[in-house]
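Worksheet: the structure to be examined is printed underneath.
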Amino acid sequence: MSEIKTSSGIEQIHGKTNGRDSGFFYMRNGKQFYRTREENYQKNQSPRQQWNSAAFKHANSQLKLLTSPEDKAQLKSDFEAAKHVASNGKTYATSRAWKFNSLIHDYKVAHPFT
């Protein structure tokens, strides 16, 4: 968001003039233009980001299925048996964090990024 005075005294605006604007100003071939675009960064992900997002989505959906008291008891016993170390080799303080990161790691191993 900068304002540049040209030799003719005409202001040229670059970028957004306000945080609530739907578009931005830019210069091309000495002319000023205004462009609007949808700023949805989730649509414009790289393949690696899509792979990470898919792993996160999978882990979240699997973790939500563990709602019964038996599942929670099994999760805690698995957590203690693993001595707080997940399949990715890192140590976690809570059983949910441990399971979540184990699910992410297991998904990435089962679906390698190519």
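Tabulated values for the structure
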read-out: Cα lying deepest toward the dipole's positive end in the chain, options ALA86, THR36, GLN49, charges on Cβ; value: THR36
read-out: Contact order normalised by residue count of the chain, Cα under 8 Å, 6+ apart, percent; value: 16 percent
read-out: Along the chain, longest interval not containing exposed GluC sites (Glu not before Pro), exposed being DSSP loop plus at most 13 other Cβ atoms within 10 Å; value: 40-114
read-out: Coordinate range along principal axes, alpha carbons of the chain, Å, largest first; value: 75, 30, 23
read-out: Solvent-accessible heavy-atom area per residue, rounded to whole Å², over segment 46-88 at 1.4 Å; value: 71 Å²
read-out: Longest site-free stretch - the chain; sites: chymotrypsin sites (Phe, Trp or Tyr not before Pro), DSSP loop, at most 12 other Cβ within 10 Å; value: 42-112
read-out: Crossing angle, helix 95-110 versus the chain [Cα axis fit, 0-90 degrees, rounded to tens]; value: 80 degrees
read-out: Helix axis angle, 69-81 relative to the chain longest principal axis, alpha carbon, degrees; value: 90 degrees
read-out: Lys, Arg +1 and Asp, Glu -1 on Cβ, resulting dipole of the chain about Cα centre, debye, nearest 20; value: 220 debye
read-out: Residue pairs, from the table LYS83/LYS108; LYS72/LYS108; LYS16/LYS90; LYS64/LYS90, whose Cα atoms sit over 32 Å apart; value: LYS16/LYS90
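The values are calculated or read from the model by the stated rules, or taken from the named source; none is laboratory data. This one's a predicted model, so the numbers in the text were calculated from it and none came from an experiment. Positions of Cβ are generated from backbone atoms using ideal geometry, with glycine treated the same way; all protein chains shown enter the neighbour counts. Remember, those area values only see protein heavy atoms, side chains included, never the ligands or the DNA or RNA. Shrake-Rupley method; radii C 1.70, N 1.55, O 1.52, S 1.80 Å.
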